[in-house]
Each structure stands twice: as C-alpha cells, then as structure tokens.
Amino acid sequence: MMRKTRLQQSNNKTQVHWYLANSRPLTHVVFWLGYYLLFSLIWMKPEQGYFASFYLEFILLPVRILAVYCMLYWLIPQFLLIKRYQHFLIAYIALICIAGALQRLSDYFFYQQLLLETQGSLIDFSAWLRSVVLINTTVILLAAIKIFTLYLSKQAEVEILQQKLSAVEPEGTSSIIELKANRRTHRVKAEQI
C-alpha cells in the first residue's frame, strides 16, 4: 500500500517521496483524517463527551492545516532553504502568533460560546498561548518531516552524482579540479585536497 521511497528526477534534482498509492493528495487527506481522529480521542474529556471533542478538533483543524502548509510550502522554500534565517524566524513567529489568534477566535466563538455556552473572556493570554503551543507542535513535527525528506533528496542527489562521476572517470586516473579564486583559476589534483 505505502511505497517506501520514490525517487523522482527533474531538472537535475532528485526528490524522495513517501506517498500512499503514489498519490500526494491521498496521502495528505489520510494524514489529516488520522490526525483529526487521533487528537479528537486524545483530548476527549469524559464530562463533555465525544461529540464536543470531535467538534472542537473539527473547528480547530483548518487553522492548523493553514499554518502547516504555510510553513511547508512558503516559509521553508522562501527563507530556510536559501539561508535567510532571520527572515524565516520572524515569519515563523508571526505565523504561529497569527494562527494562535485565529485558533483562539475559533475556540471562543464556535466552541465556548456556541457549544458549551460559557461566558469567558475573548482576550485571554493563557488561552492564546495554549493555542500557539498546540499549533506549534503540529507545525514543528511536520516541518521536521519535510526537512528530513529534503535531506534524503540531497543525499540521493549526491549518490547519483557520485555514480556519474565514477562512470566518467576510469579507475587509476586522477581528476583535476578547477578552483576559481581572486579572478584566477587553479588546477588541483583531487588527491591533493
């Protein structure tokens, strides 16, 4: 059912994927359904029952999904991969804070007011911080998986390049590497490095 790895080469880049039935959308849908079911059961409180738990996770899930995909498909490629670490950190903190505020609003209006009918304060720092922490754990987990797959892709790319190099260079011959520094070209044997 789940293929271990699939290497895909395009534009001299190798990518490693773990997809169910070679389908990215199917893999994402199955993951988020599993996430929804797991955390609905984990956060279930006996005094409120299953409905309240599943309902709460249902209204909070869109904000988490939005935060995760912003991290995976915007922050990581636009900032982290091109080594703009300060911009990445600022954008990440902003993303988590905004997502925490959105989750707090969803929790307050659609769960506390609508379902539980409790009268609490909308502006509650501890509730916002709890939302930030919950979103952060999801984002960090999935970002770590994404970064790991990017690492595996780079490793596969290096292996392919090494295979190509060994196929081009017969054994017993030494390759010469050209180094350009200070507007000069230096030719150095690979063994001398």
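The values are calculated or read from the model by the stated rules, or taken from the named source; none is laboratory data. Predicted model, so just to flag it, every value in this text is computed and none were measured. Using ideal geometry, Cβ is built from the backbone for each residue, glycine included, and neighbour counts are taken over all protein chains shown. Heavy atoms of the whole protein, side chains included, go into the accessibility calculation; ligands, DNA and RNA do not. Shrake-Rupley method; radii C 1.70, N 1.55, O 1.52, S 1.80 Å.
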task: Look at Lys180 and say whether it is farther than 30 Å from Ser40 by Cβ, out of contact with any Gly (no Cβ under 9 Å at 6 or more places or on another chain) and either at pLDDT below 80 or assigned to a helix (DSSP H, G or I) (or both).
output: no
- prompt: Ser53: exposed (fewer than 15 other Cβ atoms within 10 Å of the Cβ) and either of a type outside the set (S, T, N, Q) or at pLDDT below 85 (or both), yes or no?
  reply: no
- prompt: Out of all the residues in the range 82-95, is one or more out of contact with any Pro (no Cβ under 7 Å at 6 or more places or on another chain), open to solvent by less than 50 Å² (accessible area, probe 1.4 Å), among the hydrophobic types (A, V, I, L, M, F, W, C) and more than 20 Å from Ser131 (Cα to Cα)?
  reply: yes
- line: By residue number, the members of the range 81-96 that are in a helix (DSSP H, G or I) and either touching a residue at least 40 places away in the same chain (Cβ under 8 Å) or under 15 Å from Thr137 (Cβ atoms) (or both) are Tyr92, Leu95, Ile96
task: Kindly provide the set of residues from the range 98-156 that are of a type in the set (D, E, K, R) and loosely packed, with under 12 Cβ neighbours inside 10 Å, ordered by number.
output: Glu117
statement: Going through the range 21-50 in order, the residues found to be open to solvent by 90 Å² or more (accessible area, probe 1.4 Å), not charged (D, E, K, R) and not in a helix (DSSP H, G or I) are Trp43, Pro46
